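Written out below as structure tokens is the structure these notes cover.
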Amino acid sequence: MRERSVDRAQIEAEIDQVRSLGLDALRKRWNSMFGAAPPSDLTKDIITRMIAYRVQEEAYGGHEREVARLLDRVAGGEKCEVELNRRLKPGTVLVREYGGERHTVTIVPDGYVWRGTTYPSLSTIARAITGTSWSGPRFFGVRNNDGSEVSDQTKPGLSRSAAPLVHVCPARTSTQTSHRKVQR
């Protein structure tokens, strides 16, 4: 597959412009991009995010065909028996807002980096942030499918009861992409 030549600064400027739009302007932009009005129950934030995603998708390309087909089947109500690779890999960035402050943790091969220091566990970081004893995986919203805590050797999923307040996504290291996708 050939890499696309994209001006990152131009894409980022376009996304910043989208973020600055009011709701009526966002709805007009949606209509021009998708060929129909946005669903009336979508919030301004969701409309903004979907337009920003489409801008990035047009610039960098969308999902691979296999992923697009899987998503179409799931959207059609089909239960998929596909085993997804849910391991938190080095480079994954966990973001959690707590006490009005955003905390970013990057997973590295030998632990978790928060505020420039490497820690052996998420729980150590959660304790440092909250001042109380917390399960790090619960605090950051990452759990195994069976509800047990995540270690760097297990396959994590998102717990419904402890979903992260912001998002979980891998850091992008390629210079061709400026957006980040959710890793599941």
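The values are calculated or read from the model by the stated rules, or taken from the named source; none is laboratory data. Predicted model only: the values in this text are computed from it and were never measured. Cβ: placed from backbone, ideal geometry, glycine included. Neighbour counts: every protein chain shown.
So which residues in segment 100-123 are out of contact with any Phe, Trp or Tyr (no Cβ under 8 Å at 6 or more places or on another chain) and crowded, with 16+ Cβ neighbours inside 10 Å, if there are any at all?
Correct list: 107, 114.
Can you tell me which residue among 44, 89 is more than 17 Å from the chain's Cα centre (by Cα) and of a type outside the set (Ser, Thr, Tyr)?
44
Going through segment 28-53 one residue at a time, which ones are charged (D, E, K, R) and either farther than 26 Å from residue 8 by Cα or at pLDDT 95 or above (or both)?
Once the filter is applied, which keeps residues that are charged (D, E, K, R) and either farther than 26 Å from residue 8 by Cα or at pLDDT 95 or above (or both), segment 28-53 yields 28, 29, 41.
Assuming residue 31 fulfils every condition listed in (1) without any contact (Cβ under 8 Å) to a residue 12 or more places away in the chain; (2) part of a helix (DSSP H, G or I); (3) touching a helix residue (DSSP H, G or I) at 6+ places or on another chain (Cβ under 7 Å) apart from one, which condition is it?
(3)
Among the residues of segment 93-127, which ones are within 18 Å of the chain's Cα centre (by Cα) and farther than 16 Å from residue 139 by Cα?
Once the filter is applied, which keeps residues that are within 18 Å of the chain's Cα centre (by Cα) and farther than 16 Å from residue 139 by Cα, segment 93-127 yields only 108.
For the structure I just gave you, tell me whether residue 60 is in the same structural domain as residue 138 (by TED's automatic domain parsing) and either surrounded by 13 or more Cβ atoms within 10 Å (Cβ to Cβ) or not acidic (Asp, Glu) (or both).
Against the criterion (in the same structural domain as residue 138 (by TED's automatic domain parsing) and either surrounded by 13 or more Cβ atoms within 10 Å (Cβ to Cβ) or not acidic (Asp, Glu) (or both)), residue 60 does not qualify.
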